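Student: Below is a structure I'd like to ask you about.
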Amino acid sequence: MEPSPEMVQCHSSYRYAQQPVSFTWEGTYFAVDRIEKEWLEPGRRLFIVKTTDDRTFELCYYESTNFWLVQAR
């Protein structure tokens with residue numbers, strides 16, 4: 001399945017997209033229970049998160065376009 005643009009709410013202090021706290025995916029709201037992995041690549045920030053209902057997602061924030069992609073894993 002192709003990733004689709006989604007809404008992501010995140011904690012931000014000195015920079016945007018520091019810590020995702022919730023997001024919508026395919027019209028469903030998910031709360032983030034924990035971040036399992038996060039890393040930076042040129043122009044984007046990536047997160048592997050576990051939701052409160054124990055599902056795993058990859059969230060990718062593209063800095064230049066202010067655009068999020070969410071994929072189920």
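Student: Between residues in the stretch 45-56 that are without any contact (Cβ under 8 Å) to a residue 24 or more places away in the chain and residues that are small (Gly, Ala, Ser), which pairs lie under 6 Å by C-beta distance while being six or more apart or on different chains?
Tutor: Correct list of pairs: Thr52/Ala31.
Student: Among the residues of the stretch 1-31, which ones are modelled with pLDDT under 80 and over 15 Å from Ile48 (Cβ atoms)? First the steps, then the outcome.
Tutor: So in the stretch 1-31, the residues modelled with pLDDT under 80 come out as 1-6, 11-18.
Across the stretch 1-31, the qualifying residues are Met1, Glu2, Ser4, Pro5, Glu6, His11, Ser12, Ser13, Tyr14, Arg15, Tyr16, Gln18.
Student: Inside the stretch 21-52, can you point out the residues that are over 17 Å from Gln9 (Cβ atoms) and charged (D, E, K, R)?
Tutor: Glu36, Lys37, Glu41, Arg44
Student: Restricting attention to the stretch 61-70, does a residue exist that is in contact with a Leu (Cβ under 6 Å, 6 or more places away or on another chain), within 13 Å of Met7 (Cβ to Cβ) and surrounded by 13 or more Cβ atoms within 10 Å (Cβ to Cβ)? Working first, answer last.
Tutor: Our first condition is that a residue be in contact with a Leu (Cβ under 6 Å, 6 or more places away or on another chain); within the stretch 61-70, this holds for 70.
Filter once more, keeping what is within 13 Å of Met7 (Cβ to Cβ): 70.
With the extra rule that they be surrounded by 13 or more Cβ atoms within 10 Å (Cβ to Cβ), the set shrinks to 70.
Looking for residues that are in contact with a Leu (Cβ under 6 Å, 6 or more places away or on another chain), within 13 Å of Met7 (Cβ to Cβ) and surrounded by 13 or more Cβ atoms within 10 Å (Cβ to Cβ), one finds at least one in the stretch 61-70, hence yes.
Student: Consider the stretch 38-57. How many of its residues are under 14 Å from Ala17 (Cα atoms) and either in contact with a helix residue (DSSP H, G or I) (Cβ under 9 Å, 6 or more places away or on another chain) or surrounded by fewer than 16 Cβ atoms within 10 Å (Cβ to Cβ) (or both)? Let's see the steps before the verdict.
Tutor: Keep residues of the stretch 38-57 that are under 14 Å from Ala17 (Cα atoms), which gives 38-41, 43-49.
Pick out the ones that are also either in contact with a helix residue (DSSP H, G or I) (Cβ under 9 Å, 6 or more places away or on another chain) or surrounded by fewer than 16 Cβ atoms within 10 Å (Cβ to Cβ) (or both) and you get 38-41, 43, 46, 48.
Within the stretch 38-57, residues that are under 14 Å from Ala17 (Cα atoms) and either in contact with a helix residue (DSSP H, G or I) (Cβ under 9 Å, 6 or more places away or on another chain) or surrounded by fewer than 16 Cβ atoms within 10 Å (Cβ to Cβ) (or both) number 7.
The values are calculated or read from the model by the stated rules, or taken from the named source; none is laboratory data. The structure presented is a predicted model; accordingly, all values stated were derived computationally and were not measured. No Cβ is skipped: glycine too gets one built from the backbone with ideal geometry, and neighbour counts run over all protein chains shown.
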